[in-house]
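Visitor: One structure, pasted below without further comment.
The values are calculated or read from the model by the stated rules, or taken from the named source; none is laboratory data. In this text the structure is predicted, and so the values were computed from the model without any measurement. As a convention, Cβ positions derive from the backbone with ideal geometry for all residues, glycine included, and neighbour counts pool all protein chains shown. Surface accessibility is based on the protein's heavy atoms, side chains included, excluding ligands, DNA and RNA. Shrake-Rupley method; radii C 1.70, N 1.55, O 1.52, S 1.80 Å.
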Amino acid sequence: MSSPVPGPSYRAVTRVTGAHRFLIPALLGRSSYGLVSLALVLSVVHATGSYAHVGVVVGIFGATVAALSPLRARLIDRHGPCAALSPMAALFALALLGLAVTTWSGGAGLGVLVALAAMAGACAPPLGPVTRSLWSHLIADRALLQRAYSLDTVVEELIFLGGPLLLGALLPWWPPPIGLVVGALLVSTGTWGLVTSPVARSMSRRAPESPSSPAPGTDATPRPVARGGLLTAISLSGAAGAALGAAGLVNVAFAEQHGRVEAVVFLETLQTAGGVVGGLVYGAVSWRAGTRARLVLISLALGGGVAAAAFAPGVAALSAVLFVIGVVGAPLITTSYLLADESVTADRRTRAGNWVNTAYNAGSSVGGAAIGVLLTLTPPGTAYTMAGGVLAVVTVAVLPFSIPRRRVRPLKGSTGAVPSATSARRRR
């Protein structure tokens, strides 16, 4: 990952023909996810007064989002974003509005809430993976695509920071279900703007007929498929999610141990700020090292950073460590998406990016749950070490899959009429 060289600017990303037409609506739609989860929790509490009911409803919502995520991505790759996203967004918005209506006045039955939450989770449109797939469809230059993915990661950090703030601004005037109403409006408006953009329509026209065809104005040379790359991207994304999800809960225990529970919000904000800085700096540089090599090195650095939090003597020192963790974490996510994108053919890019996204979310959930049990047995310092160690161990475990295979080149003068068994398998 050493020896960086200057790359295209972020202005070059925004100047890509057709980018604004799909990017702005996509960001509008994705911003709904920054407030829907918290709004759902507060709305169920408002309606039922039971945290047990909250756990069931939110758990069903999260489970259906994760379990059916590959199916939704497959539908988009198969039929194109225009045909697949519109009904997903419509059903998702209807389910959110149904949850808002049933929780606004209170007294909603658990069965109704579970059914609506399951419907919302099943239909949640994967706007993030689709956005990255559109970038990949539109941009052939890998350095410029890295810039676009880095910008996307930074924006996602800001979305999940700004969502709760938006909900907090609404709550003094309306009850919590207003967040579900706003989420429904955002996802409907954003998805409609995205699917009506020229690049989305172009991708949809090509999806049923020739998924691997390049976008107009891009390089017609097919990208090489990096064998083992997708497995590496998914594994390290999931392990990073587990490490960071665990660290988020350990931060609370650490702050409580030092009598500064109120500092948790400050710590989370600093980590997000680090993610913004790291994402922008990483994306602004064209690295000479390959994508897989960078991902492995970044993963080891992130694992070491999380483990190093065990040596923080207090909240001030921990805040500096978490800022560095954020600086390293955002490039890891960006590189995972880049590796997934270059590891599959064009007709599988949405699914590949979605698997990386799903692995991260699943890892975060599992890491948080596991570390919650561990914290009843060990101090926060040990928990930090174990969370970082998990990522380091997974990184070492996937190293054999991260080493690119050499291509078999024909001898000079060979016509290539009789390919070897190895090269024939690679063509498949």
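Visitor: Which residue out of 195, 155, 181, 225 is at pLDDT 80 or above, within 20 Å of residue 339 (Cα to Cα) and among the β-branched types (Val, Ile, Thr)?
Guide: 155
Visitor: Which one of the conditions (1) over 20 Å from residue 277 (Cβ atoms); (2) at pLDDT below 80; (3) surrounded by fewer than 18 Cβ atoms within 10 Å (Cβ to Cβ) does residue 137 fail to meet, given that it meets all the rest?
Guide: (3)
Visitor: I need the full set of residues from the range 61-109 which are free of Cβ contacts under 8 Å to residues at least 24 places away in the same chain, closer than 20 Å to residue 191 by Cα and either among the hydroxyl-bearing types (Ser, Thr, Tyr) or open to solvent by less than 40 Å² (accessible area, probe 1.4 Å) (or both), in order please.
Guide: Within the range 61-109, 84, 98 qualify.
Visitor: Residue 240: under 30 Å from residue 263 (Cβ atoms), open to solvent by less than 10 Å² (accessible area, probe 1.4 Å) and either assigned to a helix (DSSP H, G or I) or at pLDDT 80 or above (or both), yes or no?
Guide: Criteria met by residue 240.
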